[in-house]
Every structure is written in structure tokens, then in C-alpha cells.
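Some notes on the structure that comes next.
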Amino acid sequence: LMAKSLTAGFSLDWFTDFAFHQKGAIAHYAEVIEILGLVALPVNAILAGGVLARFRSFREPFRLRAFFRDFGRYAWRMIWLMVIALVAYWVVFRFVNGDFSKMVSRSTRYWMSDRAAFLAHLGVILLVLLALAFVNLVMDFAKVRLVMGENAGVLESFLASLGFSLGRFPRAAMVYAIPSLCGIALLGIYRLVVPWHIIHTALGASSPEPY
């Protein structure tokens, strides 16, 4: 029963059948996600100014007018920070995930040990993830510097954040890692608390019979 199979997990057979009979649906869905992502990037960057400005004056009562004033005040500088971040992400994917990964693949092509080759490729993946996390860390601190520094410029905030992240990397990484670890812990608690077997059983029992 396909409905019961879907409630238990993702079905590759269903996906293959869907892609065959609904030609172009997957590509259209990917285009929608891409458009939403392109819209979300500048919107998120602009709204960050209003959110961070709120922490600067957290003792004052929240006013919607002040929020829109602040996000409009920092909008263009946040957009330029977003552009710098996109360039940094491109550098990571172009040189680390691209050229360096290809170099590792060429170097390990004739290795006799599959385990050693796997560990080499795994190291590249971890390096890419660390580089992306570091770029995200630098840009987050740059946003804070931009807002808290009042008249700080975009390049000044970026360079100050880069110097701070490199000079105090353990502390900066700890500030970045604690919320991430808390989020993972909450997901684990959610996974343990929610009775998934009961939900799957109920959904499977209520699934309509096949034709």
C-alpha cells in the first residue's frame, strides 16, 4: 500500500513514478524554491537591521514605527554585507568544494585503500562545512558591528568582524556553537517526546485502500 509506505518514510519508487508521469513538475518546484530563496535573502538581510537595533535599545518599549525606521536606516548597508557574504560563499564553493575537491579526487583515484580515499573525501566535505560556518560566523558578527557601531561602514564592519573571528576564534565559535547545539538538543527532545509510532500507525490506518 503506497499510502502506508509514504507514512513510514520516503519512497523512491513513488518519486520515480511521480517524476515519470508528471514531467516538469520537479523542475517547476525547484524553480519556485529558487525564486523564494532569492527573495528571502535580501528580505532577511534588510530585516536584520531592525531586529539588531532592537537589542541595542531593549529597555525601551517596542514600537513598530521604530523597527521600520531602523531597518530602513541600515537597509543598504545590510544589502552590501549580503553581497560580500555571497562572494565569500562563492569563493568557498569555487575553490574549496570545486578545485580542491577535484585535486583530492585526482590524487586518490588510484589509491588501493578505499577507506583512506573515503576519509580524504570526507575531510574535504568537513572542510567545506567549516568554511561555510566560518563565513556565516563572520557575517553575523559584521551585522552586529554594523548596527552597534552606529556609523560603522560596511567594509569596516566586515574587516573588524573578520579580525575578531580570527583573533578570538575559540570564543567566537563558542558563541556561535551554543545556539546551534541547543537547537540540535531541542530537535532530539522533540524526536523523543513525540509518539511517532502512534502517528504513523494512525495515518496508516486512516489511509484509503488502493483502487
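The values are calculated or read from the model by the stated rules, or taken from the named source; none is laboratory data. In this text the structure is predicted, and so the values were computed from the model without any measurement. When we count neighbours, we look across all protein chains shown, and the Cβ atoms used for this are built from the backbone with ideal geometry, even at glycine. Side chains included, ligands, DNA and RNA excluded: accessible areas come from the protein's heavy atoms. Shrake-Rupley method; radii C 1.70, N 1.55, O 1.52, S 1.80 Å.
Would you point out which residue out of Leu159, Leu192 is open to solvent by 80 Å² or more (accessible area, probe 1.4 Å) and at pLDDT 90 or above? Show your work before the answer.
On the way: Leu192 fails: at pLDDT 90 or above.
Selected residue: Leu159, the only one of Leu159, Leu192 that is open to solvent by 80 Å² or more (accessible area, probe 1.4 Å) and at pLDDT 90 or above.
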Considering every residue within the stretch 96-113, establish whether at least one is exposed (fewer than 13 other Cβ atoms within 10 Å of the Cβ), of a type in the set (Ser, Thr, Tyr) and part of a helix (DSSP H, G or I).
yes
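Give the residue that is most open to solvent (accessible area, probe 1.4 Å), with candidates limited to residues of the stretch 114-146 that are among the β-branched types (Val, Ile, Thr) and over 17 Å from the mean Cα position of the chain (by Cα).
Here is the first cut: in the stretch 114-146, the ones among the β-branched types (Val, Ile, Thr) are 124-125, 128, 135, 138, 144.
Adding the requirement that they be over 17 Å from the mean Cα position of the chain (by Cα) leaves 124, 144.
Details: Val124: 9, Val144: 60 Å².
Going through the qualifying residues, I end up with Val144.
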In the stretch 127-166, what count of residues is obtained for those that are free of Cβ contacts under 8 Å to residues at least 60 places away in the same chain, in contact with a Lys or Arg (Cβ under 6 Å, 6 or more places away or on another chain) and under 13 Å from Ile84 (Cα atoms)?
1
Is it true that some residue in the stretch 42-55 is in a helix (DSSP H, G or I), at pLDDT below 85 and open to solvent by 80 Å² or more (accessible area, probe 1.4 Å)?
yes
Taking only the stretch 147-156 into account, find how many residues are open to solvent by 40 Å² or more (accessible area, probe 1.4 Å) and part of a helix (DSSP H, G or I).
3
Are any of the residues in the stretch 116-133 in contact with a helix residue (DSSP H, G or I) (Cβ under 6 Å, 6 or more places away or on another chain) and modelled with pLDDT under 90?
no
Checking Phe62 against (1) hydrophobic (A, V, I, L, M, F, W, C); (2) assigned to a helix (DSSP H, G or I); (3) in contact with a helix residue (DSSP H, G or I) (Cβ under 8 Å, 6 or more places away or on another chain), which test does it fail?
(2)
